[in-house]
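Remarks on the structure that follows.
Every number here is computed from the coordinates shown, using simple stated rules; none is lab data. Small disclaimer: the values here were computed from a predicted structure and weren't measured. Because the Cβ atoms are built from the backbone with ideal geometry, glycine has one as well, and the counts that use them run over all protein chains shown.
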Amino acid sequence: MKKYNITVNGNTYDVEVEELGSEVSSRPQVAPQQSAPKAVAQKPQAAPVSSGAGSINAPMPGTINDVCVKAGDSVKKGDVLLILEAMKMENEIMASCDGTVSKVSVSKGASVSVG
């Protein structure tokens, strides 16, 4: 086990890194008197579909950078419907199933909330 002192945003953390076999694991163990900031990397996911209506809801607040479909377009599961910018990251909002777009309720540049 190797010990490191890491400073993040002015806070110093004692971190231990355990080596497992030939692979290195970087599971930080923070000293009990301090808590480490949490960062979670998320893989792109299909936008949630509400039951019955078949509508795609915004999974996070942000700004619409591009709308890739229009009413009447056929889409397959995984097709990109629009690009949503949130926290300076572009997120592809994808179709969760095969279907036909009946209506697009947002336009490029629009701000959206969750849902």
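The table that follows gives values for the structure above.
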{"item": "All positions within region 61-89 that are part of a loop (DSSP other than H, G, I, E, B) and in contact (Cβ under 8 Å) with a residue 40 or more places away in the chain", "result": "61"}
{"item": "Selection count, region 90-109, where residues are without any contact (Cβ under 8 Å) to a residue 40 or more places away in the chain and outside any loop (DSSP other than H, G, I, E, B)", "result": "2"}
